[in-house]
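J.: There's a structure below that I have some questions on.
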Amino acid sequence: MRDLENVWSENLQKGILQIPTCQHCRSWNWYPLPACRSCQSTDFFWNEVELIGTLFSWTRVHRRFTNFDIAVPYVVGLVEMAEAPTVRIPARLQAGSGAQPIIGDDVTLTAACDEGGWHWVFNLRQK
Ligand SMILES: [Zn+2]
């Protein structure tokens, strides 16, 4: 498998989400481990997933935990990907959206960059 950190960073900056997938049993392996969780194979490929999912969980953060000048409070959540239901991606709620998230909301992911670097942002989808 190509270097994990480089692939993840390069894809994030392009707004692409790829998840390591086992070549033997096709199971998603996120977060990555040296061997497949299902069959112990060590052969993986990067599989692109659509940037839609549902909100698995979320919390509102009222303190800065880094030296980066991130406006508080902000909302972070775990997004369960529609095409890869065992994969949950951490993301921040789009700043200034004013939305009140609810677990199970349909969301989209987009890549964003700020003082803290590149990260995933989620937006609530209209139902
Ligand atoms: Zn496997």
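J.: Could you please let me know if residue 29 is within 16 Å of the ligand (Cβ to nearest atom), of a type outside the set (Phe, Trp, Tyr), touching a Lys or Arg at 6+ places or on another chain (Cβ under 8 Å) and open to solvent by less than 50 Å² (accessible area, probe 1.4 Å)?
T.: yes
J.: Can you spot a residue in the stretch 37-53 that is more than 16 Å from the ligand (Cβ to nearest atom), under 25 Å from residue 95 (Cβ atoms) and surrounded by fewer than 13 Cβ atoms within 10 Å (Cβ to Cβ)?
T.: Yes, the stretch 37-53 has at least one match.
J.: Evaluate the following for residue 91: is it under 21 Å from residue 115 (Cβ atoms), more than 16 Å from the ligand (Cβ to nearest atom) and in contact with a Gly (Cβ under 7 Å, 6 or more places away or on another chain)?
T.: yes
J.: List pairs: first in the stretch 26-46 and basic (Lys, Arg) and part of a loop (DSSP other than H, G, I, E, B), second within 7 Å of the ligand (Cβ to nearest atom) and open to solvent by less than 30 Å² (accessible area, probe 1.4 Å), Cβ under 7 Å, 6+ apart or cross-chain?
T.: Pairs that qualify, where the first residue is basic (Lys, Arg) and part of a loop (DSSP other than H, G, I, E, B) and the partner is within 7 Å of the ligand (Cβ to nearest atom) and open to solvent by less than 30 Å² (accessible area, probe 1.4 Å), are 37/27.
J.: Which pairs turn up if I take residues in the stretch 68-83 that are free of Cβ contacts under 8 Å to residues at least 12 places away in the same chain and look for partners that are of a type outside the set (Lys, Arg) and not in a loop (DSSP other than H, G, I, E, B) with beta carbon separation below 7 Å, at least 6 apart in sequence or on another chain?
T.: Here the result reads 72/61, each pair linking the stretch 68-83 to a residue that is of a type outside the set (Lys, Arg) and not in a loop (DSSP other than H, G, I, E, B).
The values are calculated or read from the model by the stated rules, or taken from the named source; none is laboratory data. Since we're looking at a predicted model, the values are computed, not measured. As a convention, Cβ positions derive from the backbone with ideal geometry for all residues, glycine included, and neighbour counts pool all protein chains shown. Side chains are part of the model used for accessible areas, which takes the heavy atoms of the whole protein and leaves out ligands, DNA and RNA. Shrake-Rupley method; radii C 1.70, N 1.55, O 1.52, S 1.80 Å.
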